[in-house]
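The structure appears below as structure tokens.
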Amino acid sequence: MKPPTHPAAKRARRIALGAIAAILAGFSPAGPATAIPGRVGERSPLRASQSSAERRPRIEFLGEWGTRGEGPANLDLAVAIAADTRGQVYIADAGSGFLHKFTDDGHPLLAFDDPRISNPVAIAVDSDGDIYTADGRTGRILVFSPTGDPDHEQHAGGLGRFRLPSALAVDADSNLFVADAGLGAVAEFNEHGRFVRVVARSSAGAQRVRMPVSLAVAPDGSVFVADSSTALISKFSARGEFLGAWGRQGTSVETRNPVSLATSDHFLFCFDAAPPRLLVWTLAGQPYFEMDLGSRIVLSAGSADTRASLAFVQHDELLLLDPSSGKVLRFRVEF
């Protein structure tokens, strides 16, 4: 049973599709664009065995959607994106303070804010459709129902208190994972909000992470953590065991500034901001694919728009949220 709703949270403002449809009356998602072929890592026998004439683009750009602006259904400084099992897309906007729900092609379904949240920097959704967000100023993590009604606040448990929660992820069993860049830690909480374990911490030896900025949980329960201070991606088992790290300088796919992770059934996707690239590994850590995104997204060094965010939607679509343009870029994954 979840904790009772905080009484003060009833002031939350919710705006459903019917109330915001007029705002986006002129909305029209961008049409298909020319596909951009990527570059495969050295351990990709499937791609290597094909001739150039036989190869199809492995990741195809489908278009983009989003309207820059303040308020419901608009993207002011949208910094985090997530998707549920139904293909619906959730966006946290640190500029307006709104949390949004869209279809995967950008039609608005819901927008709401809450007086306790002024700077939402992370977002996640569980199998029931409950929405999780973290406030970058207060360190609070709040949970809302699928319709935007306040549910409860997630407390830090064994961590003491959250300082700077930077990323959230929820697994298939509704266990919540929180990356806190201020604590240098990643923690797991069960579906009832109870503290389970510290998955990684800055003083935990082989499991050390210094500044975790992104999380992703694979279907098998494996947890992937991107560390901005080391530019490494670490993998942990569903039981919190450290399984390895990759992305070091000199490897076939080198990470320089990994800012967002997402997983499919078989692959790990990473947006690296230096320069803008999409990097892909198997879930075992084998390099598989690299794609230059310099023609699609332009980032300003040191600004908030380096917080571009990834989400994998259902079986074959990858979304990239670009804060600098207020757009969501759609890609079809064909591996």
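Of all the numbered requirements in (1) at pLDDT below 95; (2) open to solvent by 20 Å² or more (accessible area, probe 1.4 Å), Ala273 misses one, and that requirement is (2). Entry remark, the range 218-264: residues being crowded, with 16+ Cβ neighbours inside 10 Å, part of a strand (DSSP E or B) and of a type outside the set (Lys, Arg) number 18 in total. Across the range 305-326, the number of residues qualifying as open to solvent by 10 Å² or more (accessible area, probe 1.4 Å) and under 12 Å from Phe61 (Cβ atoms) comes to 1.
Can you confirm whether the range 175-183 contains a residue that is on the phi > 0 side of the Ramachandran plot and modelled with pLDDT of 90 or more? Don't jump to the end; show me each part of the working.
The first filter runs over the range 175-183 and keeps only residues on the phi > 0 side of the Ramachandran plot, leaving none.
Scanning the range 175-183, I find no residue that is on the phi > 0 side of the Ramachandran plot and modelled with pLDDT of 90 or more, so the answer is no.
Within the range 320-335, residues that are of a type in the set (Phe, Trp, Tyr) have Cβ atoms under 6 Å from residues that are in a strand (DSSP E or B) in these pairs: Phe331/Ile59; Phe331/Phe61; Phe331/Leu318, counting only partners at least 6 apart in sequence or on another chain. Restricting attention to the range 189-207 and to residues that are open to solvent by 10 Å² or more (accessible area, probe 1.4 Å) and outside any loop (DSSP other than H, G, I, E, B), the residue that is modelled with the lowest pLDDT turns out to be Ala206.
Being within 17 Å of the chain's Cα centre (by Cα) and either farther than 23 Å from Arg307 by Cβ or free of Cβ contacts under 8 Å to residues at least 24 places away in the same chain (or both) narrows it down to one of Asn175, Asn190, so name that one. Before the answer, list the steps.
Numbers: Asn190 fails: within 17 Å of the chain's Cα centre (by Cα).
Step by step, each of Asn175, Asn190 is checked, and only Asn175 is within 17 Å of the chain's Cα centre (by Cα) and either farther than 23 Å from Arg307 by Cβ or free of Cβ contacts under 8 Å to residues at least 24 places away in the same chain (or both).
The residue of the range 209-229 that is modelled with the highest pLDDT, among those that are over 28 Å from Thr85 (Cβ atoms) and in contact with a Ser or Thr (Cβ under 6 Å, 6 or more places away or on another chain), is Met211.
The values are calculated or read from the model by the stated rules, or taken from the named source; none is laboratory data. The model shown is predicted, which means the values in this text are computed figures rather than measured ones. Counting neighbours? That spans all protein chains shown, and the Cβs are built from the backbone with ideal geometry, glycine included. Note: accessible area is taken over every heavy atom of the protein model, side chains too, but ligands, DNA and RNA are not part of it. Shrake-Rupley method; radii C 1.70, N 1.55, O 1.52, S 1.80 Å.
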